[in-house]
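**Student:** Submitted below is the structure of interest, expressed as structure tokens.
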Amino acid sequence: MDAVVSPHLLAVGEPNQKYNNPNPTHVMSQSYAARLQTLKTAGTSTKIDLNPVKFVHGELIIEFTMEEVKQFTIEEGLHQAVIMKFSYGKPDVHDLYKLIPKQYDIKGMCNIGQLEFRHILVRFNLFEDYVQFLSRSVGYIKDKGDEFFFRTFPWTIGFNPKEETSKSVVWISLPDLPPNIFAKKSLLSIASAVGKPLAVDKETQDRTRPSAARVKILLDLLDKHPKRVKLHIVDKSTGKFVEHYQEVVYDNLPKFCTFCKHQGHEERTCRLMTEKDKEDDGVGTKNMGVQELPVVETTGVEKL
């Protein structure tokens, strides 16, 4: 079944085809019949094949493959999207349109929208802006004499405002890496073994710290984090190769609680889990007297 796509707002960085005619006077000089044919051709080119609707066990079902969902994500500019989570109030979303680009030196375009009260979705058309803004982890927006604290998270498929993603931006160091492996391709290839490479630090680019290379990556805190990567340097003419075990050091790897689904602490120090355990034991927090609940580790993380 075919359907004509209706007019919609442009995605981040999407050119406006309506006003992108390299020869605007050409259409005006055409006959009515020629212009009509052009419109028909243009209308045909915007048709898309819809996924079939199935009816199974009394339920309407539309099926999408993960590859399709990933393509939808790119089409909607969400592959370079950041979630801003505000803790205690926030500016009006219309004020954020000007405040974010100005206060955080955004070079390209950014699309800003409110997901729900505490969460703002920001899509960037420049990868540089996306990495720079996401890497902040925490920040403040200044507005009308007030400062509003927020944290940043990468938008991920399956986003749930009641939970925090287990994805985080982390710096890794590669100590004693041979200087000839400092090339961008080799660095990003090594970094891709533990996460998604985002950027190389300035000292590494400038070759002013040959003792270690540093790469910024996006990784999943729930994954295993290897302490080393084995490099094979192969001589194709002889088949011989040299092995190098490269150490990987994670700088300030955040913790993640699988109970409350928040970054910044583990299950053993989770206040919500402690309260649940006490309720299961028949001890309510009302009867605790002056006893205090365990303190949540709050390094760069809001209190629950």
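The values are calculated or read from the model by the stated rules, or taken from the named source; none is laboratory data. Since the structure is predicted, the reported quantities are computational estimates derived from the model, not experimental observations. All Cβ positions, glycine included, derive from the backbone under ideal geometry; neighbour counts span all protein chains shown.
**Student:** Do we find a residue being in contact (Cβ under 8 Å) with a residue 60 or more places away in the chain, surrounded by 10 or more Cβ atoms within 10 Å (Cβ to Cβ) and among the aromatic types (Phe, Trp, Tyr) anywhere in region 75-86? Spell out how you get there, then give the answer.
**Tutor:** Quick first cut of region 75-86, residues in contact (Cβ under 8 Å) with a residue 60 or more places away in the chain only: 75-78, 80-86.
Still in the list and also surrounded by 10 or more Cβ atoms within 10 Å (Cβ to Cβ): 75-78, 80-86.
Checking the rest, the ones that are also among the aromatic types (Phe, Trp, Tyr) come to 86.
There is at least one residue in region 75-86 that is in contact (Cβ under 8 Å) with a residue 60 or more places away in the chain, surrounded by 10 or more Cβ atoms within 10 Å (Cβ to Cβ) and among the aromatic types (Phe, Trp, Tyr).
**Student:** Answer yes if at least one residue in region 174-195 is assigned to a loop (DSSP other than H, G, I, E, B), more than 21 Å from Leu126 (Cα to Cα) and aromatic (Phe, Trp, Tyr), and no otherwise.
**Tutor:** Scanning region 174-195 turns up at least one residue that is assigned to a loop (DSSP other than H, G, I, E, B), more than 21 Å from Leu126 (Cα to Cα) and aromatic (Phe, Trp, Tyr).
**Student:** Does at least one position in region 278-295 carry a residue that is closer than 28 Å to Leu174 by Cα and either among the charged types (D, E, K, R) or at pLDDT 90 or above (or both)? Even if it seems obvious, please write down each step before you answer.
**Tutor:** Initial filter on region 278-295 (closer than 28 Å to Leu174 by Cα): none.
No, region 278-295 contains no residue that is closer than 28 Å to Leu174 by Cα and either among the charged types (D, E, K, R) or at pLDDT 90 or above (or both).
**Student:** Can you tell me which residues in region 222-272 are assigned to a loop (DSSP other than H, G, I, E, B), basic (Lys, Arg) and surrounded by 13 or more Cβ atoms within 10 Å (Cβ to Cβ)? It would help to see each step written out before you state the result.
**Tutor:** The initial filter retains those residues of region 222-272 that are assigned to a loop (DSSP other than H, G, I, E, B), namely 222-227, 235-240, 248, 252-255, 258-261, 264-266, 270.
With the extra rule that they be basic (Lys, Arg), the set shrinks to 224, 227, 236, 240, 255, 261.
The answer is Lys255, Lys261.
**Student:** Taking Thr165 as the residue in question, decide whether it is under 21 Å from Phe127 (Cα atoms) and assigned to a loop (DSSP other than H, G, I, E, B). I'd like the intermediate steps shown before the answer.
**Tutor:** On the way: under 21 Å from Phe127 (Cα atoms): yes; assigned to a loop (DSSP other than H, G, I, E, B): yes.
Yes; evaluated as a whole, the condition is true for this residue.
**Student:** Mind listing whichever residues of region 225-236 are within 28 Å of the chain's Cα centre (by Cα) and either farther than 21 Å from His262 by Cβ or among the aromatic types (Phe, Trp, Tyr) (or both)? Before the answer, list the steps.
**Tutor:** If we filter region 225-236 for residues that are within 28 Å of the chain's Cα centre (by Cα), which is where we start, we get 225-229.
Passing the criteria: Pro226, Lys227, Arg228, Val229.
**Student:** Of all the strands (runs of 3 or more DSSP E) wholly in region 1-106, which have at least 3 residues that are in contact with a strand residue (DSSP E or B) (Cβ under 7 Å, 6 or more places away or on another chain), outside the structural domain of Phe150 (by the TED database) and at pLDDT below 95?
**Tutor:** Numbers: elements: 2-4, 47-49, 53-56, 59-62, 81-86.
Passing ranges, in order: 2-4, 47-49.
For (1) assigned by the TED database to the domain that holds Ile83; (2) crowded, with 16+ Cβ neighbours inside 10 Å, each residue gets a yes or a no:
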| position | (1), (2) |
| --- | --- |
| Phe117 | yes, no |
| Arg123 | yes, yes |
| Lys144 | yes, no |
| Glu147 | yes, no |
| Pro161 | no, no |
| Pro175 | no, no |
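**Student:** Is one or more of the residues making up region 214-221 more than 23 Å from Lys85 (Cα to Cα) and surrounded by 14 or more Cβ atoms within 10 Å (Cβ to Cβ)?
**Tutor:** At the first step, the residues of region 214-221 found to be more than 23 Å from Lys85 (Cα to Cα) are 214-215.
Remaining after also requiring surrounded by 14 or more Cβ atoms within 10 Å (Cβ to Cβ): 214-215.
Yes: one or more hits.
**Student:** Further, regarding this structure: I'm checking my understanding of the structure. Among residues of region 127-145 that are in a strand (DSSP E or B) and of a type in the set (Val, Ile, Thr), which one is farthest from the chain's Cα centre (by Cα)? Talk me through it step by step, then tell me what you get.
**Tutor:** Restricting attention to region 127-145, the residues satisfying the condition of being in a strand (DSSP E or B) are 138-143.
Filter once more, so that each one left must be of a type in the set (Val, Ile, Thr): 138, 141.
Working: Val138: 15, Ile141: 20 Å.
Filtering first and then ranking leaves Ile141.
**Student:** From (1) farther than 15 Å from Ser166 by Cβ; (2) touching a Phe, Trp or Tyr at 6+ places or on another chain (Cβ under 8 Å), pick out the condition that doesn't hold for Ser211.
**Tutor:** Failed condition: (2).
**Student:** Identify, please: which residue in region 177-213 is under 18 Å from the mean Cα position of the chain (by Cα) and of a type in the set (Val, Ile, Thr) and is, among those, surrounded by the fewest Cβ atoms within 10 Å (Cβ to Cβ)?
**Tutor:** Val200
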